[in-house]
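Asker: I have a structure I would like to understand better, so I am pasting it below and will then ask my questions one at a time.
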DNA sequence: CATGAATGAGTGTTCATTCAT
DNA sequence: TATGAATGAACACTCATTCAT
């Protein structure tokens, strides 16, 4: 649908437009809390203090806003994950880095993470959102490569399937965006340490 | 039970109506795959081979269907969890039982689990759905009680906060409904064992 | 756009629905007088005494209405033209029949003719309306075949290019829908005779 | 002329502004091909390489552009028609001149002719466009006067109603703007001759 | 039990136009 | 002269729901 449109460039399309960034921030917040489909363009416009039609001066569609929010989030995440793995001396160090940074992302980009976490089902059905699955696959292979190498080196246990560990870990980590409170007493780094503690040696006392 | 109730219900609303059950099954499936808000009553009616208006002969609203699906799921879950804990000799046995049954539920009631997992955010804003939060709280206290007792008995580590362990574990377990394939080669009980392995002694080789 | 939709069959889609026919009649009238793009679905609904959304119980889109109106008109026209040519003994008889019937169509189906006359430019750009061009081409070849045969038999002049004669004649005839008044004193058959007089032997006195 | 006028016009509205003429040219082209209503001011602005709001520096409204285009076309046409009739020795010469010049106008001012041909229905409903009907009426009386005089002098046949001949002829001639290709092999003067041939002595071989 | 016609509020989007800079 | 942000009214279309038959 949107891919066949003429895509007449919007005036404010320059990446540097401050108003655009503001509007995206508002949209991200609303998409995250109410859900993308449940957020109307009028909601966004109201929050921004303009009329809904005026949004279309900046963005060509509601979908475009979602796309832009997600793309910049996923691009940044992927880049950071690659740096972390590249800079790690051993699998365990790499894995810990990935987990710690994930909690940082949850802390700093709660809206985008929520969005990704909650709308991924919807997203897979939309064209123009192939990049999300693509990014997800790349993230997955980064984590799994770390897990597999750790198993090879003997750092990680042999009887645990890397792809399953990845899924359990990923869901445990990223789901915390639903209950994590950035202003609460439990800070994101403390959260990361508890998570790593559990991950490393498990729940049972020895 | 149904005929002696107060507010005269719709004709087919006797708990024993087979048509009702069929329709609920269809609705649950659609709600789970497309999301509640993204599923129209026409979608449900189409699938059932009737017109959308005719659904209102069986249910008073779309929300009612959701409520009914979730209530019966959560009631059953709560009951089962209580039995498991009551029948367990030790905290660890209780916890393992809870985890194992969770995977069984994911296997047997995938639609309802998905629904609960995906729509909980929406649900908290709806009146008439207080029972969901209520059930969630009761489930949470069951799990946390087990975790706390295990810490007291020395079975579980002291440096792990029960409420955090609960959240990590809950999310890891229940999120698997999103990727678990009931017809795949990885069976739900094998999944449970991998999960428990990781939970018990962690990822690191000793 | 519309061709990729699911095309869930509308309840009233049965060709026999009287309400549908009424609505199409209203739409045709409005499309013809105001133009397709300038006619809103609210205009149609207002005229029908219902709300605009209710139209979608009968038709899946505004475009669908246009399509249905035009398709039935063009199908009938084509069929009639074929009968006329098939039943004619000579090119001149065929041509006269075609012209006479055209004026009858203008009289009896003024809305559809206007629509075709005025919206053909728009139509050529819409997908799903290929059938209009297809029908137009078939009509054109019927008329041109008659003109060419007349030239071959010596009934029609040799120095007139059939394809040009066709265009001049077609436009002279069909454009009259714009000024012809079905309730006026000049009847459609008288109009046809004047047109044929001019066509046959021209304006100049001998 | 422009500086002494009453209502202070927009800056660039001096009749001599080159930018204005360019913009009108662009607008005429777009109005002709897409239709007036289907052409947005953004379309025009895009083509001109400016923003849509900037058009309002030159013209007070979209309608104004249409008006200006049509007015200059119709004024010129009327003037030319008057000259032709005034300079003709006989009705037939006058008529031939009118037809020939019409094809020239189609060739040289295709956009304006298309516009007039296609939007006349819309135009009659707009206030501020009375001048179009007024001009049309004056053109009509010129042509009909010629036809009537020809009938009086015995040059044209008696059994053909001038007002009908006018309409048939007008539509045949002007409609050709829809299919005439200025760059094609069939030149506009050849077209005029074929048209006159048919008009003069008709289609039938003698 | 189901149909078919309708409601009414809402949804994303378009577009001519305005105006401070 | 032009920009860029915004307006405000309108538009095609959706959807949960109602109800007479």
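Asker: Going by what's in this entry, would residue B:124 be described as within 17 Å of residue B:188 (Cβ to Cβ), in a helix (DSSP H, G or I) and within 13 Å of chain A (Cβ to nearest Cβ)?
Answerer: Criteria not met by residue B:124.
Asker: Among the residues of the range A:103-132, write down those that are without any contact (Cβ under 8 Å) to a residue 24 or more places away in the chain and either in contact with a strand residue (DSSP E or B) (Cβ under 6 Å, 6 or more places away or on another chain) or more than 15 Å from residue A:38 (Cβ to Cβ) (or both).
Answerer: A:108, A:120, A:124, A:125, A:130 - these are the residues of the range A:103-132 that are without any contact (Cβ under 8 Å) to a residue 24 or more places away in the chain and either in contact with a strand residue (DSSP E or B) (Cβ under 6 Å, 6 or more places away or on another chain) or more than 15 Å from residue A:38 (Cβ to Cβ) (or both).
Asker: So if I check each of C:133, C:83, which one is surrounded by fewer than 18 Cβ atoms within 10 Å (Cβ to Cβ), closer than 27 Å to residue D:115 by Cβ and more than 16 Å from DNA strand E (Cβ to nearest atom)? Before the answer, list the steps.
Answerer: Details: C:83 fails: closer than 27 Å to residue D:115 by Cβ.
Being surrounded by fewer than 18 Cβ atoms within 10 Å (Cβ to Cβ), closer than 27 Å to residue D:115 by Cβ and more than 16 Å from DNA strand E (Cβ to nearest atom) holds for just one of C:133, C:83, which is C:133.
Asker: Could I ask something else about it? Residue C:89 is checked against (1) loosely packed, with under 14 Cβ neighbours inside 10 Å; (2) assigned to a helix (DSSP H, G or I); (3) more than 16 Å from DNA strand F (Cβ to nearest atom) and fails just one. What number does that condition carry?
Answerer: It is condition (2) that residue C:89 fails.
Asker: Every residue in the range B:1-34 that is assigned to a loop (DSSP other than H, G, I, E, B) and modelled with pLDDT under 50, please.
Answerer: Within the range B:1-34, B:1, B:2, B:3, B:4, B:5, B:6, B:7, B:8, B:9 qualify.
Asker: Separate question: Give the residues of the range B:35-86 that are in contact (Cβ under 8 Å) with a residue 60 or more places away in the chain and in a loop (DSSP other than H, G, I, E, B), sorted by residue number.
Answerer: If the condition is that a residue be in contact (Cβ under 8 Å) with a residue 60 or more places away in the chain and in a loop (DSSP other than H, G, I, E, B), then B:35, B:36, B:37 are the ones that fit.
Asker: Continuing with this model, one more query. Among (1) touching a residue at least 24 places away in the same chain (Cβ under 8 Å); (2) surrounded by fewer than 14 Cβ atoms within 10 Å (Cβ to Cβ); (3) within 27 Å of residue D:45 (Cβ to Cβ), there is one condition residue A:18 misses while meeting the rest; what is its number?
Answerer: Against the list (1) touching a residue at least 24 places away in the same chain (Cβ under 8 Å); (2) surrounded by fewer than 14 Cβ atoms within 10 Å (Cβ to Cβ); (3) within 27 Å of residue D:45 (Cβ to Cβ), residue A:18 comes up short only on (1).
Asker: Does the range C:188-199 hold any residues that are touching a residue at least 40 places away in the same chain (Cβ under 8 Å) and surrounded by fewer than 15 Cβ atoms within 10 Å (Cβ to Cβ), and which are they?
Answerer: Within the range C:188-199, just C:189 meets the criteria.
Asker: Being more than 14 Å from every other protein chain (Cβ to nearest Cβ) and within 8 Å of DNA strand E (Cβ to nearest atom) is the requirement here; does residue A:64 meet it? Lay out the reasoning, then the answer.
Answerer: On the way: more than 14 Å from every other protein chain (Cβ to nearest Cβ): yes; within 8 Å of DNA strand E (Cβ to nearest atom): yes.
So residue A:64 fits the description; yes.
Asker: Still on this model: Need at least 2 residues that are more than 12 Å from every other protein chain (Cβ to nearest Cβ) per element, so show me which helices (runs of 4 or more DSSP H) inside the range C:129-206 make the cut, counting only ones lying wholly within it.
Answerer: Helices (runs of 4 or more DSSP H) meeting the threshold: C:130-153, C:188-201.
Asker: Further question: Tally the residues that are in contact with a helix residue (DSSP H, G or I) (Cβ under 7 Å, 6 or more places away or on another chain) and surrounded by 13 or more Cβ atoms within 10 Å (Cβ to Cβ), restricting the search to the range B:151-162.
Answerer: Residues of the range B:151-162 in contact with a helix residue (DSSP H, G or I) (Cβ under 7 Å, 6 or more places away or on another chain): B:151, B:153, B:155-156, B:158-162.
Pick out the ones that are also surrounded by 13 or more Cβ atoms within 10 Å (Cβ to Cβ) and you get B:151, B:155-156, B:160-162.
Counting residues in the range B:151-162 that are in contact with a helix residue (DSSP H, G or I) (Cβ under 7 Å, 6 or more places away or on another chain) and surrounded by 13 or more Cβ atoms within 10 Å (Cβ to Cβ) gives 6.
Asker: Does residue B:31 meet the test of being more than 10 Å from DNA strand F (Cβ to nearest atom) and not assigned by TED's automatic domain parsing to the domain that holds residue B:134?
Answerer: yes
Asker: It is to be established whether one or more residues within the range C:106-120 are within 14 Å of DNA strand F (Cβ to nearest atom), under 15 Å from the mean Cα position of the chain (by Cα), assigned by TED's automatic domain parsing to the domain that holds residue C:162 and under 19 Å from residue C:175 (Cβ atoms).
Answerer: So far as the range C:106-120 goes, yes, one or more of its residues are within 14 Å of DNA strand F (Cβ to nearest atom), under 15 Å from the mean Cα position of the chain (by Cα), assigned by TED's automatic domain parsing to the domain that holds residue C:162 and under 19 Å from residue C:175 (Cβ atoms).
Asker: Got a number for residues in the range D:61-80 being exposed (fewer than 14 other Cβ atoms within 10 Å of the Cβ) and within 16 Å of DNA strand F (Cβ to nearest atom)?
Answerer: Residues that pass the stated criteria total 1.
Asker: Checking residue C:116 against (1) part of a loop (DSSP other than H, G, I, E, B); (2) buried (at least 21 other Cβ atoms within 10 Å of the Cβ), which single condition isn't satisfied?
Answerer: (1) is the only condition that residue C:116 fails.
Asker: If you don't mind, there's one more thing I want to ask. Residue D:36 - would you say it is touching a helix residue (DSSP H, G or I) at 6+ places or on another chain (Cβ under 8 Å) and either within 16 Å of DNA strand E (Cβ to nearest atom) or outside the structural domain of residue D:194 (by TED's automatic domain parsing) (or both)? Write out each step before concluding.
Answerer: Details: touching a helix residue (DSSP H, G or I) at 6+ places or on another chain (Cβ under 8 Å): yes; either within 16 Å of DNA strand E (Cβ to nearest atom) or outside the structural domain of residue D:194 (by TED's automatic domain parsing) (or both): yes.
Yes; evaluated as a whole, the condition is true for this residue.
The values are calculated or read from the model by the stated rules, or taken from the named source; none is laboratory data. Keep in mind that this is a model prediction, so the values were computed, not measured. Here Cβ is always computed from backbone atoms with ideal geometry, including for glycine, and neighbour counts include all displayed protein chains.
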